1. Which one is farthest from Ala79 (Cα to Cα), of the residues in the range 276-292 that are of a type outside the set (Gly, Ala, Ser) and buried (at least 23 other Cβ atoms within 10 Å of the Cβ)?
2. I need the full set of residues from the range 213-225 which are closer than 14 Å to Val265 by Cβ and part of a helix (DSSP H, G or I), in order please.
3. Hey, Ala188 hits all of (1) open to solvent by less than 10 Å² (accessible area, probe 1.4 Å); (2) more than 9 Å from the ligand (Cβ to nearest atom); (3) within 17 Å of the chain's Cα centre (by Cα) but one; which does it fall short on?
4. For residues that are open to solvent by 10 Å² or more (accessible area, probe 1.4 Å) and either away from the ligand (no atom under 12 Å from the Cβ) or closer than 19 Å to Trp173 by Cβ (or both), tally how many sit in the range 213-223.
5. If we keep just the residues of the range 226-235 that are part of a loop (DSSP other than H, G, I, E, B) and more than 11 Å from Gln193 (Cβ to Cβ), which is farthest from the ligand (Cβ to nearest atom)?
6. Any idea which of (1) part of a loop (DSSP other than H, G, I, E, B); (2) closer than 20 Å to Met176 by Cβ is the one Leu241 doesn't satisfy?
7. On the basis of being of a type in the set (Lys, Arg), more than 15 Å from the ligand (Cβ to nearest atom) and open to solvent by 10 Å² or more (accessible area, probe 1.4 Å), does Arg177 make the cut?
8. Where the second residue is assigned to a helix (DSSP H, G or I) and not basic (Lys, Arg) and the first is open to solvent by 10 Å² or more (accessible area, probe 1.4 Å) and more than 16 Å from the ligand (Cβ to nearest atom) and lies in the range 303-326, which pairs have Cβ atoms under 6 Å and are six or more apart or on separate chains?
Amino acid sequence: MGRGTILAVDRGALPDNTRRIMDIFNQMAAHDHEQVIAFQNAATGLRGFLAIHDTTLGPALGGVRIWHYASDAEALADALRLSRAMTYKASLAELPCGGGKTVMPLHEGLQRAEAFQALGTLVENLRGRYFCARDVGITDDDLANLARTTRYVAREPSPELGDISEHTAIGVWHGMRACLEFAGIKKARVAIQGVGSVGMWLARILKKEGMELFVADLDAGRAQQAAGELGAHVVAPGEVLTTPCEVLAPCALGGVVSIETAERVQARIVCGSANNILGTPEAGDALAQRGILYAPDYLVNAGGLIRGAEYYLLKRADSRASLARIYERMWRVLELARERRLSTARVTNELAEARLKRPKFFRDLTWGQRADARS
Ligand code: NAD
């Protein structure tokens, strides 16, 4: 029997609801997700999915995303994909944690402040199995409302923790630095897709490093801010993937590089913060075949997770040295990919999976006081 397949059932004979539930189990089984919580709260309009992919290495860490989705199925698929990427990211960064994600479709009936407090209660009731943070669409107010009802949320920016997005951007720079050196490029033109929280921090770092910047954002005001503050050239959102440059830095949403778009990318390096940059693993092969160096997203965008995990789990005051190790990991992946004639994406997946090959079980985790540590 293939993984994630339920046999010996005539699906056509089942009522719709039963079929949908089976689909969720099949989707979870396909990549061995531990738990998916579908939540709704009529009083506040709260609705969404909380996916915990894996707690083999420790509690599941992962942001809350609120975005426009065409359907609930699309939101669920995003939660499953993103939570899994968090597990791989934590594994590769050698952190004692696993991956989770919360995805909420943006809709008119949402009473935002109350909804985030209700979500906080749900997170609190998981007793530390899942620790949440900011992802796309989340504001400082949303984090503050979560923090009213749960301890398991990264409140930032704060003087001690810093700004998670800045840490992410620093990590992306370390990965990009490795790619540039590997390709023998000193000065680069970098095209950034999305100058939101991470993209803007990255643009600031790149400016200091003497790079020429091209920026695109669906929010024209943000692109203009980068132009005004940093002298970046503004590019139309539809043109950024094909802008002639040395580095393409996707810092918006995932899935931007497909087999089709891989053929049109003009850059020699693709390295950005967006999660799930490749639509499929084959898109990574397509980049490799064209000689384009791809920096696997979850390798280079781990800076925020590293900072959060080190601050909350390991009580470290400073994570600069750990962020700099992204350079070494990226370099190792580039060398392995060259030696083995594989895409960097495939090499990175293998490295991340190697650390997860322990028997998997549901862990009773309480933040800072893990069940196995008590026994
Ligand atoms: P953000 O919402 O602050 O910024 C995203 C920006 O991209 C917005 O300005 C938005 O208008 C723009 N955008 C969206 N679609 C676009 C398109 N098609 N073309 C051009 N611009 C577009 O989000 P963020 O926190 O900066 O995160 C960016 C990406 O990095 C996301 O994929 C996120 O999952 C990933 N990521 C973020 C962090 C973090 O620390 N914030 C950590 C790891 C990964």
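The values are calculated or read from the model by the stated rules, or taken from the named source; none is laboratory data. None of the values given here were measured: they were computed from a predicted structure. Because the Cβ atoms are built from the backbone with ideal geometry, glycine has one as well, and the counts that use them run over all protein chains shown. To get the accessible areas, we keep the full protein, side chains included, count just its heavy atoms, and leave off ligands, DNA and RNA. Shrake-Rupley method; radii C 1.70, N 1.55, O 1.52, S 1.80 Å.
1. Leu287
2. Selection gives nothing.
3. (3)
4. Within the range 213-223, residues that are open to solvent by 10 Å² or more (accessible area, probe 1.4 Å) and either away from the ligand (no atom under 12 Å from the Cβ) or closer than 19 Å to Trp173 by Cβ (or both) number 1.
5. Gly231
6. The one condition Leu241 does not meet is (1).
7. Answer is yes for this residue.
8. Close Cβ pairs satisfying both conditions: Arg316/Glu310; Ala324/His174.
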